[in-house]
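Step one of this worksheet: look at the structure below.
Every read-out reported here was derived from the displayed coordinates using simple, explicitly stated rules and does not represent laboratory data. Since the structure is predicted, the reported quantities are computational estimates derived from the model, not experimental observations. Heads up, the Cβs are rebuilt from the backbone with ideal geometry, glycines too, and the neighbour counts pull from every protein chain shown.
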Amino acid sequence: MNAFFKKNWIVLCLCVVFIALTGFSINMARIQKQMLIDTHKQNLQMLANEKAAQINMFLEFQKERLLNLSSMIVFKEVALNPNDTSKIEAAKKTINDLKSTISGISVLTKEGIVIVGDIDLPNTDYGQHPYFVAKREDTTFTQYYDPLRKNDYYAIIGPIYDSADTTKIIGRIAFDIELDKISSIMQETIESPTNEVYLIDEKGLLLSRSEFIGQDNKKGVLIQEIKSEAAKECLDHLKLYGKNGFVEEHVEEVPEYLNYMGNKVFGAHAYAPAIMGCVIAEENADEILGVSMLDSIFNIFSKK
């Protein structure tokens, strides 16, 4: 036996070195693959955060628009004098002047009856909408059904205060939100055909178009309900950590799960607290996990 080892010690040493190198390469390949997965996850989280920041800026801009509209004397006067034809005509002219930049402006009574509007007809009664039923006084984004246009819309609505008494609500003002703009924000800079970033509201409904749903104009907007693990976790966290338009810091994961199309994806989420909604960024899991162990080992040696 000793003679065998003496004659073949070089071969044995080479075998040991080969086994060690193979084990090292496999371990390095696993590490490299995990690093690749972690990089994709970090990029997804960064993408979700970036889009959420853009959406929050967009929504805050809509709030500023509404505040500016509600402070205009012409709208305050028509809210105070809903039966004065001269005030109505003045408000109508202002709405017409603004419609190229702000669509669907309506001035309503405190109870939800349209006084004058771009699209809404006078005396249209929205009094049964939850916003009016609850007698809310805040500025909010809301989905509503327009019986005249027979369609769903997403709008922002808030109070008009009396100039003489800034605590007294004398009416409401609202305008329609450009959901196409939200879709554009979501789709900007998305290069991979298997990646998707979208916005959902507090009910889990899509507020931005999906390229994977139907061929109709809406493409899932205010129709498709997202019930994925990421959507549930994000909305749950928003209720738990959201406060006064902000979200407290907490640990966020980028899990692998089945998305609303039934495909395996990695997904990250970020928050749109103004509407208690979420931005979700997803990447096809096969794109991340598709690198084989042999490819990883080859990449290790090819870099040397």
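With a 10 Å Cβ neighbour count serving as the proxy for reagent exposure, in which order, fewest first, do 149, 209, 172 appear?
Listing 149, 209, 172 from fewest to most nearby Cβ atoms yields 149, 209, 172.
With 31 Å as the limit, write out which pairs from 218/264; 63/93; 87/239; 51/110 have Cα-Cα distances beyond it, or answer none.
Correct reply: 87/239; 51/110.
Apply the Karplus parameterisation 6.51 cos²θ - 1.76 cosθ + 1.60, with θ equal to phi minus 60°, to every residue of the range 100-109 and state each ³J(HN,Hα) to the nearest whole Hz, in sequence, with x for glycine and proline.
For the range 100-109, the Karplus-derived couplings read 5, 10, 10, 9, x, 5, 9, 9, 10, 6 Hz, x marking Gly and Pro.
Taking the Cβ of each residue in 75, 61, 132 as the centre, tally the other Cβ atoms inside 10 Å and list the residues starting with the fewest.
With the fewest neighbours first, 75, 61, 132 line up as 61, 132, 75.
For each of 100, 183, 86, count neighbouring Cβ atoms within 10 Å of the residue's Cβ, then give the residues from fewest to most. Walk me through the numbers on the way to the answer.
Numbers: 100 7, 183 20, 86 10.
Ascending Cβ contact count within 10 Å gives the list 100, 86, 183.
Could you tell me whether the range 38-185 comes out rounded, prolate or oblate from its Cα gyration tensor? Rule is a ≥ b ≥ c as square roots of the eigenvalues, rounded for a/c under 1.5, then prolate if a/b exceeds b/c, otherwise oblate.
On the way: a/c = 2.13, a/b = 2.00, b/c = 1.07.
In terms of gyration-tensor shape, prolate.
Return a whole-number percent for the relative contact order of the range 71-177, with Cα pairs under 8 Å and 6 or more residues apart as the contact set.
This gives 26 percent for the range 71-177.
Under a point spin-label approximation (7 Å from Cα along Cα-to-Cβ), what is the residue 111-residue 240 distance to one decimal in nm?
4.4
Tell me, what HN-Hα J-couplings in whole Hz come from the Karplus equation 6.51 cos²θ - 1.76 cosθ + 1.60 at θ = phi - 60° for each residue of the range 165-175, using x for Gly and Pro?
9, 5, 9, 9, 7, 10, x, 9, 9, 8, 8
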